[in-house]
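I have placed the structure first, in the form of structure tokens, so that the comments after it can refer back to it.
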Amino acid sequence: MSRAAIRYAKAVLSLAQENNVAENIQKDMQHIIATIDSSADLKMVLNSPLIKSEVKLASLREIFKSSGDQTQKLFDTLIINKRIDLLDDVAKQYIVLFDQSNATQVATVTTAVPLSKDLEIKVLDKVKELTGNKATIENVIDENIIGGFILRVGDLQYNASILNKLTSLKRELSN
């Protein structure tokens, strides 16, 4: 993550908090991340020095026309400063800063099958008990873990997957 992306994200968050639109901007940033991650063409457009800034700005305005005024102003600022290639990093950093300011964190739960709502609630309760902070769940599906789950919250990781247990058992038996 570049220092510039962090600075832009801090500035956007500060302005969003002043205008009481921080949560709306957070939703915009999530949408931006998802869109950029799923579109190789958009990544190419944003990073290409051959494509004119006006074309980049027009593309962003069309793709993210449902975004709020402040998000649109971020596009303008990044274009003017020739930093539009940082948009994805700024969005990611904004979400991290937003979560920190709300004492919230992202708990990544890797499972072989999607989490049920009941299980999601139990995981959120456990995360709050362990860390003292609220959390949102990001469920990653990985059939290779066979069963169980892997929970990551910040620097903490708890691996209760069947694959992990089988690997440990194999190590024990080979010793």
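The values are calculated or read from the model by the stated rules, or taken from the named source; none is laboratory data. Values in this document were obtained by computation on a predicted structure and should not be read as measured data. Glycine also receives a Cβ, built like all others from the backbone with ideal geometry; neighbour counts cover every protein chain displayed. Quick note on the areas: whole protein, heavy atoms, side chains included, nothing else; ligands and nucleic acids left out. Shrake-Rupley method; radii C 1.70, N 1.55, O 1.52, S 1.80 Å.
Remarks
- When the solvent-accessible area of the chain is split by element, carbon and sulfur atoms take up 53 percent of it, the probe being 1.4 Å.
- Each peptide among 169-175, 51-57 gets the average number of other Cβ atoms lying within 10 Å of its residues, and from highest to lowest they stand as 51-57, 169-175.
- If you look at the Cα atoms of the stretch 5-49, you get an Rg and a Dmax of 12.7, 35 Å.
- Looking at the chain alone, DSSP beta bridges between its own residues are antiparallel in about 60 percent of cases.
- Antiparallel bridge percentage (DSSP; both residues within the stretch 74-175; nearest 5): 60 percent
- Each peptide in 131-138, 115-122 receives the mean, over its residues, of other Cβ atoms within 10 Å, and ordering these scores from highest gives 131-138, 115-122.
- Counting only protein chain heavy atoms and rolling a 1.4 Å probe, the accessible areas of Arg3, Arg61 rank, largest first, as Arg3, Arg61.
- MRE, 222 nm, helices only [DSSP H, n ≥ 4, -39500 (n - 2.57), over the chain, to nearest 500]: -19500 deg cm²/dmol
- Anisotropy class of the stretch 95-149 from Cα gyration tensor, a/c 1.5 cut: prolate
- Kirkwood hydrodynamic radius of the chain, Cα pairs, Å: 18.4 Å
- Per residue, the accessible area of the chain comes to 63 Å², computed with a 1.4 Å probe over protein heavy atoms only.
- Residue-wise HN-Hα coupling along the stretch 3-17, computed from phi with Karplus coefficients 6.51, -1.76, 1.60 (Hz; x: Gly, Pro): 4, 4, 4, 5, 5, 4, 4, 4, 5, 5, 5, 4, 5, 5, 5
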